[in-house]
1. Report those strands (runs of 3 or more DSSP E) wholly inside the range 25-99 carrying at least 2 residues which are modelled with pLDDT of 95 or more, within 12 Å of the ligand (Cβ to nearest atom) and closer than 30 Å to Val163 by Cβ.
2. Tally the residues that are in contact with a Leu (Cβ under 6 Å, 6 or more places away or on another chain) and of a type in the set (Val, Ile, Thr), restricting the search to the range 112-157.
3. Any idea which of Asn375, Asn347, Asn391, Asn319 is open to solvent by less than 70 Å² (accessible area, probe 1.4 Å) and either in contact with a helix residue (DSSP H, G or I) (Cβ under 9 Å, 6 or more places away or on another chain) or without any contact (Cβ under 8 Å) to a residue 12 or more places away in the chain (or both)?
4. Do you know which residues across the range 83-133 are touching a Gly at 6+ places or on another chain (Cβ under 9 Å), open to solvent by less than 20 Å² (accessible area, probe 1.4 Å) and farther than 19 Å from Ile6 by Cα?
5. Which of the residues that make up the range 247-270 are touching a residue at least 60 places away in the same chain (Cβ under 8 Å), open to solvent by 10 Å² or more (accessible area, probe 1.4 Å) and either closer than 30 Å to Ala16 by Cβ or outside any loop (DSSP other than H, G, I, E, B) (or both)?
6. Return only the number of the condition from (1) open to solvent by less than 10 Å² (accessible area, probe 1.4 Å); (2) more than 14 Å from the ligand (Cβ to nearest atom) that Asp309 does not satisfy.
7. Tally up the residues in the range 216-227 that are at positive phi and at pLDDT below 95, please.
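The values are calculated or read from the model by the stated rules, or taken from the named source; none is laboratory data. Only a predicted model underlies this, so the values are computations on that prediction, with no experimental measurement involved. Virtual Cβ from ideal backbone geometry, glycine too; neighbours counted across all protein chains shown. All accessible areas refer to the heavy atoms of the entire protein, side chains included, with ligands and DNA or RNA removed. Shrake-Rupley method; radii C 1.70, N 1.55, O 1.52, S 1.80 Å.
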Amino acid sequence: MKVLVIGGGIAGLTTALCCAERGMHVVIFEQASEFKEVGAGLQLSPNGTRVLYKLGLQTQLEDLAFRPKSLDMKLGHSGKNVFSIPLTDTETKYGSPYLHIHRADLLSILEKEVKNSSKCEIYTDHKVVKLVENGESASVTCSNGAVYNGDVVIGADGIHSIVREHIVGKNTARFTGNLAWRAVIPTKDLPKDLIPPSATVWTGDKRHAVTYYLRSGELVNFVGVVEQESWQKESWTERGNPQDLIQDFSSFAPEIRTLTQSIDSCFKWALHDRMPLKTWTNGRLVVLGDAAHPMLPFLAQGAVMGIEDAEILAACLENYSWSEALKTFEKIRKPRTSRVQAGARANMNLFHHGQPISRLIHYKPIQIAARLFPNFINNRQDWLYKYKAENPN
Ligand SMILES: Cc1cc2nc3c(=O)[nH]c(=O)nc-3n(C[C@H](O)[C@H](O)[C@H](O)COP(=O)(O)OP(=O)(O)OC[C@H]3O[C@@H](n4cnc5c(N)ncnc54)[C@H](O)[C@@H]3O)c2cc1C
């Protein structure tokens, strides 16, 4: 089987590896002239790392990752803990670790593996501008005029996917009313132990911050989300003014104020998502990753869902005819990714209670539950992390 993958992001490259592992011939098209990721971090929960480990990437990932001790929620204004879910036993509990990794590091690990695979061909500077699918075969045309034929076309081409457009028509992404600030800060520039060695959400009034370490603790990743309607540009490379970021988090605890004051370069990104699509496939075309289910980053699952998709689509293509494979893939994946999209949206409300009364109503019961019934809180993420993409049913 010959598989054409459009998009060389995390979902596209992982899909290529999962298909190549099963003997398929894979051709990847990436519109950018090189594989470049932005300077930002990524949380990879056990349901994602188990797929990457199965691909044999354990050593490369562990060399560059940071292992958080826990998932914490804190009150942003005071730094007091709401709850803390230990992550030190994730291998025992979920069969795979929770890792933090720099996006550029993950992309370069995947790229190297794809380039080493005799089953994969990879073309950069190849923007796909046209798709033809007629039941008999499928082809893609790139902006340089080159045409390629294959058995199936996999759209891993992100939130503005051309493949999705061919499947469900034009439908624009929805601005969610949230702006995300992001920055990466060298740990050596910060007071010792300023930031906890965990994945920490700092809640606030119509805003929240997320902090965690990268590259064995050499870097701290900061994401700050603020509700606002006026600025809606979606770009990983749009620079922001650090003074605006500092101002947005000026009512937060000293840890966050110290951290933000040490930021000399930052980026801003307007967060968009979509409602679940009616269908993910049409004939020999199929979408996955953000092309199929873009989501708010408030469960840290966007890339991880693309990684799960990759394993499951490859297994379907291996075990069924192409038409059955695409339908089965959608049937398995849609309920889970729709639930995750909804969960991420719900977390926006959970993280954004900054007013004293609202804090009392929403966080006090969770604090009490965490103290009295720690297992209830600790097992909150089981439905996400216990998922085994290699055996999803
Ligand atoms: C602030 C923030 C924090 C996040 N944190 C996390 C986290 O901690 N954990 C997590 O799992 N997720 C997280 N996410 C979500 C995650 O970043 C995305 O879900 C993930 O990067 C999507 O990967 P993808 O490969 O599907 O799409 P993309 O990364 O968008 O890749 C699509 C690729 O396709 C290429 N392309 C597009 N069109 C064409 C074309 N016509 N021809 C050829 N190539 C094309 C693009 O150039 C790009 O390389 C976060 C998101 C944000 C905004």
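1. 25-29, 41-44
2. 3
3. It is Asn347.
4. Hits for the range 83-133 are Ser96, Leu99, His100, Ile101, His102.
5. Scanning the range 247-270 gives Asp248, Pro254, Glu255, Thr258, Phe267, Lys268, Trp269.
6. In the conditions (1) open to solvent by less than 10 Å² (accessible area, probe 1.4 Å); (2) more than 14 Å from the ligand (Cβ to nearest atom), Asp309 misses (2) alone.
7. The qualifying residues number 1.
Every residue, every condition in (1) modelled with pLDDT of 95 or more; (2) within 30 Å of Phe83 (Cα to Cα), yes or no:
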position: Asn134; (1), (2): no, no
position: Asn149; (1), (2): yes, no
position: Asp189; (1), (2): yes, yes
position: Thr203; (1), (2): yes, yes
